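Some notes on the structure that comes next.
The values are calculated or read from the model by the stated rules, or taken from the named source; none is laboratory data. Remember, it's a predicted structure, so these values are computed and weren't measured experimentally. Every residue, glycine as well, gets a Cβ built from its backbone with ideal geometry; the counts of neighbours run over all protein chains shown. Note: accessible area is taken over every heavy atom of the protein model, side chains too, but ligands, DNA and RNA are not part of it. Shrake-Rupley method; radii C 1.70, N 1.55, O 1.52, S 1.80 Å.
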Amino acid sequence: MRAIMAGFFIVVAMIFSNVVGNVFSGAEEPAWGKFLGALVFSIAVLLISLVGGELFTGNNLIVISVLQKKVTWLQMLKNWGMVFMGNFIGAFFVAFMVVYAGIPELYGGVLGEKMVAVALFRVNQSFGEAFARGVLCNILVCIAVWAAFAAKKVSGKLLMSFWPVMLFVLCGFEHSIADIYFGVSGLLTMDKYGISAPELTTAAFLLKNLLPVTLGNIVGGAGIVGCGYWAVYLRHTPGFAEPIEAEQEEIDGAEEY
């Protein structure tokens, strides 16, 4: 349920970002539309950290607990699988509701055309491009999550998570859960409103976008940020790497006492 809600928050923030970007896209400086769209998307991580949610990309940091022998590899993979599925359900549900609520008809149908164009752009990337964008994205997302945990007050969590998230959106990096919304909403909008985009198919979305972006997110979040900071801060820190079995023996001994 927490994963479903996190998927919901990500997609709601992305819709907000798309609408704001569209409003300002006709201005003399259209780059302001993209900038403001990136600005408002940062609310997603803040909502998840404050209200409570499980986001696949942030949970890539569980690898630190695995390396510390606090949880097993199997437990981590189980968590990732369940959370990704929950995020997918939440994102799919909101994308479906947005399309069939008539939101693509805003601005004379321009928003719907842009929704299809955004999805089409993602399936036209090469596997390597999508993978690299996924790596870069989750480095910043995990840094945002890490920084939000470090802050003690709501204002601090907002300021610390704001900049990395805005940066990844502004630079066009790829977030797997956000891309679920882009792909699903693009496919549904294309079907409902008869917008032609032959290259945009379910298979293309799953294999050419979601798969490489998800793998890139794992490398960026778990590999670079998680393993990297574990090596920097915890690898040689005494007392932090007690085996799971030893901890269980301590718990059993305490219960007997």
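Helices (runs of 4 or more DSSP H) fully within the range 126-217 that include at least 2 residues being at pLDDT 90 or above: 127-150, 176-193.
Close Cβ contacts (under 6 Å, 6 or more residues apart or on different chains) running from residues in the range 43-72 that are within 17 Å of Met166 (Cβ to Cβ) to residues that are among the basic types (Lys, Arg) and surrounded by fewer than 22 Cβ atoms within 10 Å (Cβ to Cβ) comprise Ser49/Lys157. Kindly indicate whether Met85 is aliphatic (A, V, I, L, M) and touching a residue at least 24 places away in the same chain (Cβ under 8 Å). Yes, satisfied.
Selection of the range 120-165 for residues being among the aromatic types (Phe, Trp, Tyr) and open to solvent by less than 50 Å² (accessible area, probe 1.4 Å) yields only Phe162.
Can you confirm whether Phe205 is within 28 Å of Gly58 (Cβ to Cβ) and surrounded by fewer than 24 Cβ atoms within 10 Å (Cβ to Cβ)? In short, yes. Counting only helices (runs of 4 or more DSSP H) that fall entirely inside the range 29-73 and contain at least 2 residues that are over 21 Å from the mean Cα position of the chain (by Cα), the qualifying elements are 31-41, 63-67.
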